[in-house]
Structure formats: C-alpha cells, structure tokens
Amino acid sequence: MNKADILLGLQWGDEGKGKIVDVLTPDYDVVARFQGGPNAGHTLKFGGKKHVLHTIPSGIFRENCINIIGNGVVIDPVIFKKEIDALEKFGFDIRKRLFISRKAHLILPTHQLLDAASEEAKGKGKIGSTLKGIGPAYMDKTGRNGLRIGDTTGAGFLGKYKTLKDKHETILIPYVQTGFTYDLAEKENAWFEGIELLKSFTHIDSEIVINQYLTDGKKILAEGAQGTLLDIDFGDYPFVTSSVTTAAGACIGLGIAPNRTGEVVGIFKAYCTRVGNGPFPSELENEVGEALRKYGEEYGSTTGRPRRCGWLDLPLLKYAIMLSGVTKLVMMKTDVLPKAVNELGLEKFKVLMKHDKKGNHEYKDFEIWEDCESLNDDKEIPRNLFNFIQFIEIETGVPITYVSTGPGRKEIVKTMAHV
C-alpha cells in the first residue's frame, strides 16, 4: 500500500511550491490540494509563458496526472472560472483530469464583503487580509452554516444560498451605518456563472477516492498552500490564514489517516519574504531588501502587493520543519541572492541564527556565490553555494534534495544529500 507524500511551504508563503509540484509531478499519479483558497497563488513558468494557479492543483500541466481539489479547500467560483478559461485558452484539457470534492466549501460574494468590511474597520490593526473572503468562508464552515460543492446540484441550493446571503447582509448593517458601501448584484452575476461551470466538473467523495488510489498503489502528492508560519494555530496569530498549513492539514483536508502519509517535502527560499502585516524578525527595510524584491520579483501573485524581504531566519525554519516532520528540503531563489548582493557591492549575506522576544538578534555571515541562474547539473554548483547547502543540512538535520536556480521549469538542480 502506498503512502501519500506531502509538499508544503516552510515560511510565510510564496516559497515557490507550484514550481516544485510541477517538477515532481512526473513521479506521481495524483496531485491533491488540501487547504486554502484563492488567497494562494502558485506561479509556474514554462514555454515562455507564466501561469498562476489559485485553486487548481499545480499538477494540471502534466497530461498523465489526476488533479483533485480536496475537502479542505474553499473555492471562489468566479476565480475558478477565470483559471479554467485561462488554461483552456492555452489548450490544456482540464475536465478529464480535474475532480472536485463534494465537501469543499464555497466562497460567496458576501464572504468577500464581510472580509473587506472587517478589515476596513480594524484601521491600523489590519491583519493584511487578501480580501478574498477566505476567513469568513472558513468561519461559516466551522459554524456549520457553509455551502459546499455538493449543494450546487441539489434542489434546495438557491434557498440555502439566499439564507446565508441574508445572514451576511444582516451582519453587514453596522458596517454600512459607519460608511461601508457595496454593490452585490454585479458580484452575484459573475458568481452564478462560476457556479454553472463548477457544476460541469466531476464531483467526488475525495476521501474515498484518494484512499482507494493509495490501496491501488497509485502515488499521491498532497499540495499545500500559503506557508507553515501562517498556520491558524502555529503561525503569528492573529496575522495568520484560516486553515491548517502544516503536514497535519493534509490529513484533515483530504481524509488521509496519519499512518498513510509518507515523505514531507518542505520548500523554503534562501531568504525570507512576507506579504501583509505581522512579525518579521529578519526584515530588511533598506536597500538590501529593495534589491531582493527587485531581483526576486517579490510581488504577491494574488494581491500584487510588494513583499517584505529579509534574511533567512534559521530558528523559524527549524520550527517549521519540526511542526511537519519534514524529511526533504527544497531551496528556492538561490539565483536571487548573488544578484541582489552584488548590485550593492557586498561580498557576504547573512542568516539570522538566533532571536528572542526582547528583540535580540544574532546573525552569521556567508560568502556569496557567483551567478548560478539556469544551472541544471549538480557538478556545476558553486563552492560557496555548496557550503551553504551543507550548512543548512547540518543545522536542520534534513537533506536538501533540490535547489532552484531560476523561475523556469528546467532551472533546477537535483543535489546530493549530505546528512
């Protein structure tokens, strides 16, 4: 009996999970997304084109791979339709390879309004929400009020929708009284168009299907969204997302028992980024941070907001590895560090080794490596990069199996394990 492998981010999201899923997919029969919603943006570049996925699993670009949107995901029909339209425009055959859990929850237009109204009311205390309605949708899920994919084909769907919409509009009344405005009609038209498209896809009891696939010997990769440090329980609360982003989320969001999970692949950048508010111990609010943002193209794939940039935070990386029992590491953006450092005439970069709640920080300097963009042979790894890989492996006790050297599908190096 096979076990499902899990892939997740180890920082505050935007680590490059989509690319690595795409790279690993030829070794798997199924890629299943297990949590989050369109607040995630997985970017892949190949064939001279840039593709951004928000809901659809990143294995969709491989012809022989089945893709499943699991029960732990929340779906915005409008964004889903935009994704499908974009993929079909490029000639991808989606419908035979994409299945959706009946238990996945829907994001309503009023969820987005609640999100926006709540964030606006917080003023300076904003958490930095993507305003996609994710939090309110998960609140209705746990409050047992939500609408699910399986409801869309039932006779009472419109009635259930109206009941939930009316509830939301009642909640919005105090916000409207203090100046919040909205136009629901236009949002609803696009939403119901998306619903019709969702109904045309195959809906499944994903927990049954996935477990049967494992019994049949199929290889499954569970794809996470956001990042470990945004986990609802273990992230920087309240500056977190609304779902479980650790490896445990794969069990919850796909219906897989813990003893049916296998390798846990953790993705991290050679530096750190964060979108929105919240603690960031190694943040660089200077020309170094600007250079990292410039060469790393650090702008949110969902919101377009500039990402905050800083040095790699080793204690937080170790913390994330601990939470999910990571067995393999993948390091991203190794081509960005030398470009940013060299532009400023520096010879070294830093890693945050220790920090505490009092604001004390201890850094370690490392020699920067020469430009490594587009490397694809382990023997070509620059000596300073090789030394840095070894350092991370020794400190974490986990092997780095791949190093990304650029945004493209082929710009990646498979490395030798050194621990």
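Here are a few things to note about the model shown:
Here is a yes/no grid of residues against (1) of a type in the set (Val, Ile, Thr); (2) surrounded by fewer than 24 Cβ atoms within 10 Å (Cβ to Cβ); (3) farther than 27 Å from residue 124 by Cβ; (4) out of contact with any Pro (no Cβ under 9 Å at 6 or more places or on another chain):
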site	(1), (2), (3), (4)
267	yes, no, yes, yes
271	no, no, yes, yes
279	no, yes, no, yes
332	no, no, yes, yes
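- Residue 105 being farther than 25 Å from residue 62 by Cβ, in contact with a strand residue (DSSP E or B) (Cβ under 9 Å, 6 or more places away or on another chain), buried (at least 24 other Cβ atoms within 10 Å of the Cβ) and not polar (S, T, N, Q): no
- Checked against the criterion of being among the small types (Gly, Ala, Ser) and touching a His at 6+ places or on another chain (Cβ under 8 Å), the candidates 150, 154 yield just one match: 150.
- When 241, 163, 245 are checked against the criterion of being hydroxyl-bearing (Ser, Thr, Tyr), in contact with a Ser or Thr (Cβ under 6 Å, 6 or more places away or on another chain) and not in a strand (DSSP E or B), a single residue qualifies: 245.
- Any hit, region 212-224, residues being surrounded by fewer than 24 Cβ atoms within 10 Å (Cβ to Cβ), part of a helix (DSSP H, G or I) and among the hydrophobic types (A, V, I, L, M, F, W, C): yes
- Extreme residue, farthest from the chain's Cα centre (by Cα), among residues of region 238-258 that are under 25 Å from residue 219 (Cα atoms) and not small (Gly, Ala, Ser): 258
- Against the conditions (1) over 20 Å from the mean Cα position of the chain (by Cα); (2) in contact (Cβ under 8 Å) with a residue 40 or more places away in the chain, residue 145 satisfies every one except (2).
- Looking across region 364-398, just one residue is in contact (Cβ under 8 Å) with a residue 60 or more places away in the chain and touching a Ser or Thr at 6+ places or on another chain (Cβ under 8 Å), and that is 398.
- In region 174-211, the qualifying residues are those that are among the charged types (D, E, K, R) and assigned to a helix (DSSP H, G or I), and the one that is nearest to residue 256 (Cα to Cα) is 207.
- Residues that are modelled with pLDDT of 90 or more, part of a loop (DSSP other than H, G, I, E, B) and hydrophobic (A, V, I, L, M, F, W, C) were ranked within region 345-380; the one that is surrounded by the fewest Cβ atoms within 10 Å (Cβ to Cβ) is 346.
- Residue among 76, 85 that alone is among the acidic types (Asp, Glu) and surrounded by 24 or more Cβ atoms within 10 Å (Cβ to Cβ): 76
- Here region 315-342 is the region considered, the condition is being assigned to a helix (DSSP H, G or I) and among the basic types (Lys, Arg), and the residue that is nearest to residue 392 (Cα to Cα) is 318.
The values are calculated or read from the model by the stated rules, or taken from the named source; none is laboratory data. Remember, it's a predicted structure, so these values are computed and weren't measured experimentally. Cβ sites come from the backbone with ideal geometry, for glycine too, and all protein chains shown count toward neighbours.
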